[in-house]
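The values are calculated or read from the model by the stated rules, or taken from the named source; none is laboratory data. Every value quoted in this text rests on a predicted model; they were computed, and no experiment measured them. Note that we place each Cβ from the backbone using ideal geometry, even for glycine, and neighbour counts take in every protein chain shown.
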Amino acid sequence: MSVPKNSADLQLDTKRHSFAHILAAAVHEMFPEAQFGVGPVISNGCYYDFLLPRTLIPEDLELIEGKIKELLYRPLVFKKQTMAIEDAIVMFRDAKQPLKVELLQDIATKGTTQLHLEEKELLDSVEKPSQVTLYRLVDDSTGEILFEDLCKGPHIESLVDLNGLKNDKEKMTLGFKLDKISGAYWRGDAERGIQLQRIYGLVFDNDEILGEYIFNRNEAKNRDHRKLGKEMKLFTISEQVGAGLPLLQPKGMKLRQRVEDYLWQLHKDVGYSRVWTPHIARLDLYETSGHAAKFGDELFRVQGKEDQFILKPMNCPHHMQIFADNQFSYKEMPIRYFEPATVYRDEKSGQLSGLTRVRAITQDDGHLFCRVDQIGEEVSKIVSVIREFYQTMGMLGDFWVSFSVRGKDSSKYLGSDEIWDKAEAALEEAAKENELPYTRVEGEAAFYGPKLDFQFKDVLDREWQLATIQCDFNLPEKFDLNFINEDGDKERPVVIHRAISGSLERFLAIMIEHFGGRFPFWIAPEQVRILTVNNSEEVLGYVQEIVTVLKYNPLMKPLKYNDIEVVVDDEAESLGKKIRTAELDKIPLIIITGPKDVDNRMVSVRTADGEKKIKLDELAEFVKSI
């Protein structure tokens, strides 16, 4: 999900939309017999689909770019025209544009071009217009029409507004590049067999922003967690185990364990208790919670000797059972449970990818049970954990929060309007109290309640939905949960679902790419590698002194325990080769020692900031400063 657009975004989208027509006009000049599909705006520019007399080759993109530049230097303007649908059909039929004719016929008969609106009751509810809007690209000096398209707009008025040029001596400000060619079926219907060619264009306000985008995209390829995961031996994908079921190698497990330990440390400090639940439960549990109906064929079903079981798709129903087995009083509220547990969903194989989309999903899951008047305080505690965690990860800088509420289709959600209104009001008030930069987004709520979804950016400026806080008045009703209030009566608690990293697998993938495999010292799976210049008895004895200093030195924040991972490279290789290997392995701290260091009680320390000599008795403090 992306943040709703501000005025600057809308202005750029208008440029991108206008550029799509310029692209189509350039293709029309190159291929007068071209048939035109559609050309929408996308997140980094636009694309346009064409039916062409021959297959495009990469070299064609350069030729089309040249024609676009020629058009951008001409005094072209966009002119809007409203036309009766019947006349537009005749016009595009005469122009031999059958794809446009088909779209117009759908508008005339259905009131829409959306293929899925086939049911009579839906069609009857759609107003069928008598007129449509066209835009023409016209040479303002000659009146020549270069291109006309079925389109609602908006567009820039003239190409001067698009490219920033007032005369041919100025430098064009628009940043654009034709990016790639791909195949696309007309209206996504492979059965009809109408194969179009799609040209993608990158469009930004200027060349500097375009260049930054291209650099980040290339850098993302180099940082791909699937590539680095294999090179660094972090995880394995085995066909025999199954797609979407990654195996963590020792280094990958150390990385994950440090994240998990840090998360538990943060939760323990704000009053959570750790629990454990099994990986399966009877089908009845998920029918009561509503997850059986929600996840449907995504559930893994296990037939026991007597009962039918489900591999758990969520932890919430299990945690409800733990709460229900106690008789809490108002004095004990809130009750907070934390469990980094693996859940299972049978995702489609085509959607599975590395660690980002898997079938075995480990959530840093937590549920707290509280009174309505405690919601604000509890959300504040969760927000403080989220802020600290992402500050540590270097991702807190530019974030926003989606306040996700119900959509119009009430059948997708559990519970009454009264319960939903109460939950949405409580969560929005908590967001205001915590001064969260939130935007209300309809239709994105969980099926049992509204939520706050935190959107963070990584070092490559890519946005990820990660932490979440969800307010739930429904599951306590379904499981008849209660505590004893001040009057000795039973009172229904509110459940707040929260996850800080979300899926640990997905977060590891994001973290690998965010750091490019060069993890901060505190979290790196191998933190220190000691390289020996030679393997004399004196040097090897000195190495053990260094290891002792490191092993019993309190690890730098944020973790609060002693566990520095040290590897000694005493292979009979040249020092240069050992250094190159350690750097390729992205070791945060490389220590080099030889006979002279033994005599002087020194070590050479090498980090990303360079190399220097320090005394052995300074090493402990040096490690804390990394």
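For Lys408, the conditions (1) at pLDDT 90 or above; (2) more than 26 Å from Phe338 (Cβ to Cβ) are fulfilled apart from (1). With respect to Gly594, determine if the residue is exposed (fewer than 11 other Cβ atoms within 10 Å of the Cβ) and outside the structural domain of Leu263 (by TED's automatic domain parsing). No, not satisfied. When the residues of region 581-611 are filtered to those that are part of a strand (DSSP E or B) and not hydrophobic (A, V, I, L, M, F, W, C), the one that is farthest from Arg223 (Cα to Cα) is Thr593. Checking each residue in region 236-260 for being assigned to a loop (DSSP other than H, G, I, E, B) and of a type in the set (D, E, K, R) picks out only Glu239. Can you confirm whether Thr607 is modelled with pLDDT of 90 or more, more than 30 Å from Arg387 (Cα to Cα) and among the hydroxyl-bearing types (Ser, Thr, Tyr)? Judged against the criteria, Thr607 is not a match.
Residue-by-condition table, conditions (1) more than 24 Å from Lys251 (Cα to Cα); (2) in the same structural domain as Glu260 (by TED's automatic domain parsing); (3) modelled with pLDDT under 95; (4) not small (Gly, Ala, Ser):
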site: Asp570; (1), (2), (3), (4): no, no, yes, yes
site: Ser574; (1), (2), (3), (4): yes, no, yes, no
site: Asp585; (1), (2), (3), (4): no, no, yes, yes
site: Asp599; (1), (2), (3), (4): yes, no, yes, yes
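One residue alone among Ile386, Ile361, Ile382 is of a type in the set (A, V, I, L, M, F, W, C), more than 20 Å from the chain's Cα centre (by Cα) and surrounded by 19 or more Cβ atoms within 10 Å (Cβ to Cβ), and that residue is Ile382.
Among the residues here, Gly271 qualifies as in the same structural domain as Pro334 (by TED's automatic domain parsing) and on the phi > 0 side of the Ramachandran plot.
Scanning region 58-113 for residues that are at pLDDT below 90, farther than 18 Å from Ile145 by Cα and in a helix (DSSP H, G or I) gives Asp106, Ile107, Ala108, Thr109, Lys110. Do you know which residues across region 419-470 are assigned to a loop (DSSP other than H, G, I, E, B), over 20 Å from Phe399 (Cβ atoms) and out of contact with any Lys or Arg (no Cβ under 8 Å at 6 or more places or on another chain)? Scanning region 419-470 gives a single hit, Tyr448. Would you be able to say whether some residue in region 87-100 is β-branched (Val, Ile, Thr), under 26 Å from Val203 (Cα atoms) and either surrounded by fewer than 19 Cβ atoms within 10 Å (Cβ to Cβ) or touching a strand residue (DSSP E or B) at 6+ places or on another chain (Cβ under 8 Å) (or both)? No: region 87-100 contains no residue that is β-branched (Val, Ile, Thr), under 26 Å from Val203 (Cα atoms) and either surrounded by fewer than 19 Cβ atoms within 10 Å (Cβ to Cβ) or touching a strand residue (DSSP E or B) at 6+ places or on another chain (Cβ under 8 Å) (or both).
The selection criterion, being surrounded by 18 or more Cβ atoms within 10 Å (Cβ to Cβ), assigned by TED's automatic domain parsing to the domain that holds Gly66 and out of contact with any Cys (no Cβ under 7 Å at 6 or more places or on another chain), holds for Leu178. Sub-6 Å Cβ pairs linking a first residue in region 431-442 that is touching a residue at least 60 places away in the same chain (Cβ under 8 Å) to a second residue that is assigned to a strand (DSSP E or B), at least 6 apart or interchain, are Val441/Ser402; Val441/Ser404, ordered by first then second residue.
Let's see how each residue does on (1) of a type outside the set (Gly, Ala, Ser); (2) touching a residue at least 60 places away in the same chain (Cβ under 8 Å):
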site	(1), (2)
Asp269	yes, no
Trp276	yes, yes
Gly304	no, no
Leu311	yes, no
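Looking across region 197-233, the residues that are in a helix (DSSP H, G or I), more than 27 Å from Lys251 (Cα to Cα) and of a type in the set (Asp, Glu) come down to Asp207, Glu208, Glu212. Residues of region 376-394 that are part of a helix (DSSP H, G or I) and of a type outside the set (Val, Ile, Thr): Gly376, Glu377, Glu378, Ser380, Lys381, Ser384, Arg387, Glu388, Phe389, Tyr390, Gln391.
The single residue among Gly517, Gly502 that is under 22 Å from the mean Cα position of the chain (by Cα) and outside any loop (DSSP other than H, G, I, E, B) turns out to be Gly502.
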